[in-house]
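To start, the structure under review is shown below, and the notes come after it.
The values are calculated or read from the model by the stated rules, or taken from the named source; none is laboratory data. If you're wondering where the values come from, they're calculated on a predicted model, not measured in any experiment. Here Cβ is always computed from backbone atoms with ideal geometry, including for glycine, and neighbour counts include all displayed protein chains.
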């Protein structure tokens with residue numbers, strides 16, 4: 001895996017894991033630690049900044065292999081001819097794709113670990129932003145009817161790195177991280193295309 005993607009993957013995983021850790025330890029000042037196994041969205045049911053998911057999707061079949069979220073044909077359309085590489089570095093299953101000799105990279109992370117710790121969904125990312133763990137969180141365009149947010153330790157879209165989280169249940173997201181591109185249009189466009197392919201996979205599961 002190219003260093004650019006590896007570094008981005010580490011940061012992305014750190015963000016997702018820090019959300020879960022803060023939620024289960026209660027170390028974040030002013031933030032009550034939810035009971036493990038409960039939905040993070042239930043902690044703030046009236047928060048207008050947290051969109052509800054009208055038609056939740058079941059991603060349980062992909063917890064053991066996040067690479068199956070993106071079919072080979074869909075990956076090829078994004079320029080990734082080689083199979084994805086699974087990562088077990090975090091409690092959230094992940095898979096990465098890259099193009100040999102180029103910086104372009106894609107990573108998908110399923111936030112099932114955050115869900116188990118009661119810090120899943122877009123609500124969990126909102127809590128991380130409110131507590132200062134995330135510096136950047138902004139609503140994104142719906143993908144196939146599912147709400148999204150751009151997020152990260154900082155906004156890196158103008159530099160060709162796009163981090164997009166998609167709410168597929170009130171307490172579950174998956175994230176598409178596209179990086180190493182020349183501009184925001186390419187990186188976020190590919191993140192959205194990958195997200196759409198994942199949603200189609202989940203609907204067909």
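See the values below:
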quantity: Residues that are assigned to a loop (DSSP other than H, G, I, E, B) and closer than 15 Å to residue 195 by Cβ, drawn from segment 137-154; calculated: 144, 145
quantity: Residue in segment 171-194 that is in a strand (DSSP E or B) and surrounded by fewer than 20 Cβ atoms within 10 Å (Cβ to Cβ) present; calculated: no
quantity: Single match in 93, 141 (criterion: more than 13 Å from the chain's Cα centre (by Cα) and closer than 24 Å to residue 200 by Cβ); calculated: 141
quantity: One residue from 57, 106 being part of a loop (DSSP other than H, G, I, E, B) and touching a residue at least 40 places away in the same chain (Cβ under 8 Å); calculated: 57
quantity: Qualifying residue in segment 155-163 (condition: assigned to a strand (DSSP E or B) and at pLDDT below 95); calculated: no
quantity: In segment 109-136, the residues that are buried (at least 20 other Cβ atoms within 10 Å of the Cβ) and outside any helix (DSSP H, G or I); calculated: 109, 110, 111, 117, 118, 119, 120, 134
quantity: Which listed residue, of 32, 86, 54, 44, is over 17 Å from residue 166 (Cβ atoms), over 13 Å from the mean Cα position of the chain (by Cα) and either crowded, with 20+ Cβ neighbours inside 10 Å or at pLDDT 85 or above (or both); calculated: 86
